[in-house]
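The values are calculated or read from the model by the stated rules, or taken from the named source; none is laboratory data. Since this is a predicted model, take the numbers as computed values, not measurements. Note that each Cβ is placed from the backbone with ideal geometry, even for glycine, and that neighbours are counted across all protein chains shown.
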Amino acid sequence: MVDILEIARHSGMQVILNGRIGVEEYQSVYGSVQALQRFADALLNEAHRRRPNDQAVPEL
């Protein structure tokens, strides 16, 4: 499974733990538009890397 919070951190975004109720964690992610673009690019790259050879990932 892809750790999207780790990808967000590596993209330059800030991940904040807002609270915890039981085992559920509530987090917010903040960053610039450029960091958001890096995050989107990283997710697409991960999807391309993980796809079976016979399936295409749609381009945005």
May I ask you to say which residue of Arg49, Arg38 is modelled with pLDDT of 95 or more and either assigned to a helix (DSSP H, G or I) or surrounded by fewer than 13 Cβ atoms within 10 Å (Cβ to Cβ) (or both)?
Arg38
Could you list, in sequence order, all residues of segment 3-27 that are surrounded by 12 or more Cβ atoms within 10 Å (Cβ to Cβ) and either small (Gly, Ala, Ser) or in a loop (DSSP other than H, G, I, E, B) (or both)?
Ala8, Ser11, Gly12, Met13
